[in-house]
Amino acid sequence: MNLNTCHVWADDGEQVTAIRNNEPMEIPVWIVKRFNKLGLDPTAWRNSD
């Protein structure tokens with residue numbers, strides 16, 4: 001859904017290339033802030049359901 005919506009999600013950009021290469025995506029800033037506020041480890045975001 002985000003493909004080609006901005007430079008970060010450009011089809012030929014670094015973010016999309018990394019995702020296509022199965023590299024882990026950086027944790028979004030808003031998630032880090034929210035998890036920290038809740039006293040949670042932001043790296044647990046990838047494992048939360």
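Within region 17-29, residues that are more than 21 Å from ASP41 (Cβ to Cβ) sit with their Cβ atoms under 7 Å from residues that are exposed (fewer than 10 other Cβ atoms within 10 Å of the Cβ) and aliphatic (A, V, I, L, M), at 6+ positions apart or across chains, in these pairs: ILE19/MET25.
For region 12-40, give me each residue that is in contact with a helix residue (DSSP H, G or I) (Cβ under 7 Å, 6 or more places away or on another chain) and either over 20 Å from MET1 (Cβ atoms) or part of a helix (DSSP H, G or I) (or both). Break it down into steps so the answer makes sense when it comes.
First, pick out the residues of region 12-40 that are in contact with a helix residue (DSSP H, G or I) (Cβ under 7 Å, 6 or more places away or on another chain): 25, 27, 31-32, 35-36.
Selection gives ILE31, VAL32, PHE35, ASN36.
No value in this document is a laboratory result; all are computed from the given coordinates. Keep in mind that what you see is a predicted model, and the values were worked out from it rather than measured. Backbone-built Cβ (ideal geometry, glycine too); neighbour counts: all protein chains shown.
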